[in-house]
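The values are calculated or read from the model by the stated rules, or taken from the named source; none is laboratory data. All figures in this text were calculated on a predicted structure; none of them were measured in a lab. Glycine also receives a Cβ, built like all others from the backbone with ideal geometry; neighbour counts cover every protein chain displayed. Accessible surface areas use protein heavy atoms only, side chains included; no ligands, DNA or RNA. Shrake-Rupley method; radii C 1.70, N 1.55, O 1.52, S 1.80 Å.
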Amino acid sequence: MLGICRGRRKFLAASLTVLFVPAITWIYLFAGSFEDGKPVSLSPLESQPHSPRYTASSQRERESLEVRVREVEEENRVLRKQLSLAQSRGPAHRRGNHSKTYSMEEGTGDSESLRAGIVAGNSSECGQQPAVEKCETIHVAIVCAGYNASRDVVTLVKSVLFHRRNPLHFHLIADAIAKQILATLFQTWMVPAVRIDFYDADELKSEVSWIPNKHYSGIYGLMKLVLTKTLPSNLERVIVLDTDITFATDIAELWAVFHKFKGQQVLGLVENQSDWYLGNLWKNHRPWPALGRGYNTGVILLLLDKLRKMKWEQMWRLTAERELMSMLSTSLADQDIFNAVIKQNPFLVYQLPCFWNVQLSDHTRSEQCYRDVSDLKVIHWNSPKKLRVKNKHVEFFRNLYLTFLEYDGNLLRRELFGCPSEADVNSENLQKQLSELDEDDLCYEFRRERFTVHRTHLYFLHYEYEPASDNTDVTLVAQLSMDRLQMLEAICKHWEGPISLALYLSDAEAQQFLRYAQGSEVLMSRHNVGYHIVYKEGQFYPVNLLRNVAMKHISTPYMFLSDIDFLPMYGLYEYLRKSVIQLDLANTKKALIVPAFETLRYRLSFPKSKAELLSMLDMGTLFTFRYHVWTKGHAPTNFAKWRTATTPYRVEWEADFEPYVVVRKDCPEYDRRFVGFGWNKVAHIMELDAQEYEFTVLPNAYMIHMPHAPSFDITKFRSNKQYRICLKTLKEEFQQDMSRHYGFAALKYLTAENNS
């Protein structure tokens, strides 16, 4: 009956609107076109800015009127389209909308007598749902903890951003790990009309830690219970989402459902689509009390202001204490307690249509929630199996999820036209810096890259590190792109210490990397490797930005600045830790040089000692690094002396010197103006020298460069004359900046460059 009623009213309303709105609109416009009894032209060509009658206010009124005309015409077009669709579907389609197995508005499940009042109350409306205001902010709360959940949140947020037309305010209840990851992600994402606030989940543990919970979500799975206390007291309503949710529509449609709440309804929930709360899944299955099938809490609409007045905090606590006396623990975390409260107070619930939470768990009845792709609103991967869950249409759902998983997040940085955004200092500074660049400059793209903000996802995989008790630990730092993934396993075998890697990937490549890592026993056995994804943007490889990201997120007092194509000698990690103590790196400004060699062979019997390496050098199996194309880069290392050295020795800086060094974590960053190929390490070593670092060569350390195909950037350098011209320009500007910053001491760099 509900479907027929709604269908007839929509058909009648659409018909009347299409017939009368155009006429009323033009009468309104005609009447509004007179001022003091005289017609006022709407055409911009006929406006007379110099006439006495022309004022700023009349100009604004004219523009407003023109905008209104366009809006009304667009509304008419949409209504005509809806009317034609309604006519083409015919009576059979309208009858289908209120069929027993496809209950779009009333949810799913049997009409138990205990539920009858709720369903009747929720289904009595036959009017059109109120629209959400154009620039109304939609508030969303998500509980997120740990590395994996932080990845899941990104996919959820992408699906929301893709469809949204309103400003969003995310309230993230996060632990320290998730906050670090997501704060950096959103800060570098810079999505307009999106605000993020964090709430410390660890501070909330004491509120729910007394509740034993068997669910895989752990203690964080109970924190939705305390949102009335956690979220700001002036926040009246919020949509609460699990991290394993995917949106297939504009979240404003769900926000609009708040207008349907009546009386004491304060919770909007979808019925649980499995038989869990019926207690018949296995012998002696004893779930928590629930109303019928119970409700799923993956998607919740909370009327916070009313919940606070009802003393929600006291309500759920008393219920939980009573039920735990017999149940001993929760099986489904907060969902069990929500359902126990609803069982005692059914008037609290507004039952959402089941398409607002299509639950893809085992033994689900979710297929009754949709008949067509267009019916889908929210997909909930609420099985521990996630994408591997068995479902008749799981392939379609999986593809929809993967679409957002691999979707380029940079494309979601779109403005909401007509909605003023909050002032963002970082965004304003960026725009100011970019506006100062000359777009006609042939090196404009090089200069622009220095200010490009790359979306960054820290700790893409699980990371664990325990600080060394002697405070001598060293982290290997490197950067890479997709074509160097094969080096990761080899490096992990050669270096047992912590590693910090910045990976330059697209969203799709990040997922390929995830699958690669999860399929590697070597990588999965190492938890002290931090993988930081810097998402692709622009035409250059931002090599120094990547190095800075990897450097910034180390947990040790020292770091070994390497490159992904090098394999360190076996035992280098322990050797460097001893050298740190021996050379008093903690109290002196030293850069410890690890001599670099290379092989042209893809298969190499890696030397296990310095003696073996020297033998391979003599046989021509190994060479000093880049001796045949770029001798100046490593010549100051003095390989002839290194062959017989038994103690560390000091070397002086020379032009174009670019060794691989071990330094304290407080050393200067790499200069971001250098991108792609050329001078990216040279500039950094020059700055270390300017800051009076002492270069010391380690006598029993070495690293070997493995062969690979030429990178895209070195190909551009070799083939593009303008590329080389711009690099030369950037070098000169860097040297001038050095002179201004370090004064007279930096003049030697200009002299050395001229003599080289």
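Here is how the numbers come out for the structure above:
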{"quantity": "Which numbered condition Gln335 fails, given (1) surrounded by fewer than 18 Cβ atoms within 10 Å (Cβ to Cβ); (2) among the polar types (S, T, N, Q); (3) assigned to a helix (DSSP H, G or I)", "calculated": "(1)"}
{"quantity": "Among the candidates Asp175, Asp197, residue that is assigned by the TED database to the domain that holds Trp316, free of Cβ contacts under 8 Å to residues at least 40 places away in the same chain and within 23 Å of the chain's Cα centre (by Cα)", "calculated": "Asp197"}
{"quantity": "Count - residues of segment 420-432 that are closer than 30 Å to Ala508 by Cβ, in contact (Cβ under 8 Å) with a residue 12 or more places away in the chain and of a type outside the set (Asp, Glu)", "calculated": "4"}
{"quantity": "Any hit, segment 422-433, residues being open to solvent by 30 Å² or more (accessible area, probe 1.4 Å) and touching a strand residue (DSSP E or B) at 6+ places or on another chain (Cβ under 9 Å)", "calculated": "yes"}
{"quantity": "Residues of segment 523-553 classified as in a helix (DSSP H, G or I) and of a type outside the set (S, T, N, Q), total", "calculated": "10"}
{"quantity": "Top-ranked residue in segment 668-706 [being out of contact with any strand residue (DSSP E or B) (no Cβ under 8 Å at 6 or more places or on another chain) and farther than 24 Å from Phe446 by Cβ; ranked as most open to solvent (accessible area, probe 1.4 Å)]", "calculated": "Glu692"}
{"quantity": "Some residue of segment 516-525 being more than 19 Å from Phe677 (Cβ to Cβ), open to solvent by less than 10 Å² (accessible area, probe 1.4 Å) and of a type in the set (Phe, Trp, Tyr)", "calculated": "no"}
{"quantity": "Which listed residue is open to solvent by 10 Å² or more (accessible area, probe 1.4 Å) and of a type in the set (Ser, Thr, Tyr), from Tyr465, Tyr531", "calculated": "Tyr465"}
{"quantity": "Checking Leu360 against (1) of a type outside the set (Phe, Trp, Tyr); (2) assigned by the TED database to the domain that holds Ile142; (3) under 29 Å from the mean Cα position of the chain (by Cα), the condition it does not meet", "calculated": "(2)"}
{"quantity": "Selection count where residues are part of a helix (DSSP H, G or I) and either open to solvent by less than 10 Å² (accessible area, probe 1.4 Å) or without any contact (Cβ under 8 Å) to a residue 12 or more places away in the chain (or both), scope segment 136-163", "calculated": "9"}
{"quantity": "Search result, residues across segment 206-237 that are of a type in the set (Asp, Glu) and touching a residue at least 40 places away in the same chain (Cβ under 8 Å)", "calculated": "Glu236"}
{"quantity": "Verdict on Ile704 being modelled with pLDDT of 85 or more, closer than 20 Å to Val629 by Cα and within 34 Å of the chain's Cα centre (by Cα)", "calculated": "no"}
{"quantity": "Segment 642-678, residues that are in contact (Cβ under 8 Å) with a residue 40 or more places away in the chain and either among the basic types (Lys, Arg) or not assigned by the TED database to the domain that holds Ile704 (or both)", "calculated": "Arg650, Arg664, Lys665, Arg672, Arg673"}
{"quantity": "Residues of segment 572-598 that turn out to be assigned to a loop (DSSP other than H, G, I, E, B), open to solvent by 10 Å² or more (accessible area, probe 1.4 Å) and touching a Leu at 6+ places or on another chain (Cβ under 9 Å), as a count", "calculated": "2"}
{"quantity": "Test: residue in segment 468-482 that is hydroxyl-bearing (Ser, Thr, Tyr), out of contact with any strand residue (DSSP E or B) (no Cβ under 8 Å at 6 or more places or on another chain), assigned by the TED database to the domain that holds Gln582 and open to solvent by 10 Å² or more (accessible area, probe 1.4 Å)", "calculated": "yes"}
{"quantity": "Thr621 without any contact (Cβ under 8 Å) to a residue 60 or more places away in the chain, under 22 Å from Phe695 (Cβ atoms) and part of a loop (DSSP other than H, G, I, E, B)", "calculated": "no"}
{"quantity": "Candidates Gln539, Gln512 - the one that is assigned by the TED database to the domain that holds Glu692, without any contact (Cβ under 8 Å) to a residue 60 or more places away in the chain and either of a type in the set (S, T, N, Q) or buried (at least 16 other Cβ atoms within 10 Å of the Cβ) (or both)", "calculated": "Gln512"}
{"quantity": "Meets criteria (in the same structural domain as Gly298 (by the TED database), modelled with pLDDT of 95 or more and over 24 Å from the mean Cα position of the chain (by Cα)) for Glu207", "calculated": "no"}
{"quantity": "Test for Ser615: is it surrounded by fewer than 22 Cβ atoms within 10 Å (Cβ to Cβ), closer than 15 Å to Val477 by Cβ and small (Gly, Ala, Ser)", "calculated": "no"}
{"quantity": "Scope segment 196-232; condition of a type outside the set (S, T, N, Q), in contact with a Ser or Thr (Cβ under 8 Å, 6 or more places away or on another chain) and not in a loop (DSSP other than H, G, I, E, B); matching residues", "calculated": "Tyr199, Leu204, Ile219, Leu222, Met223, Lys224"}
{"quantity": "Count of segment 394-425 residues which are in contact with a helix residue (DSSP H, G or I) (Cβ under 7 Å, 6 or more places away or on another chain) and modelled with pLDDT under 75", "calculated": "0"}
{"quantity": "Hits in segment 697-722 - residues which are under 25 Å from Leu480 (Cβ atoms) and free of Cβ contacts under 8 Å to residues at least 40 places away in the same chain", "calculated": "Pro710, Ile714, Thr715, Arg718, Ser719, Asn720"}
{"quantity": "Test result for His259, in the same structural domain as Ile142 (by the TED database), surrounded by fewer than 20 Cβ atoms within 10 Å (Cβ to Cβ) and out of contact with any helix residue (DSSP H, G or I) (no Cβ under 8 Å at 6 or more places or on another chain)", "calculated": "yes"}
{"quantity": "Any hit, segment 214-223, residues being at negative phi, open to solvent by 10 Å² or more (accessible area, probe 1.4 Å) and at pLDDT 95 or above", "calculated": "no"}
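For every residue, the table says whether it meets (1) within 18 Å of Val697 (Cβ to Cβ); (2) open to solvent by 70 Å² or more (accessible area, probe 1.4 Å); (3) among the polar types (S, T, N, Q).
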site: Thr621; (1), (2), (3): no, no, yes
site: Thr624; (1), (2), (3): yes, no, yes
site: Val629; (1), (2), (3): no, yes, no
site: Ala635; (1), (2), (3): yes, no, no
site: Lys641; (1), (2), (3): yes, yes, no
site: Ala645; (1), (2), (3): yes, no, no
site: Glu654; (1), (2), (3): yes, yes, no
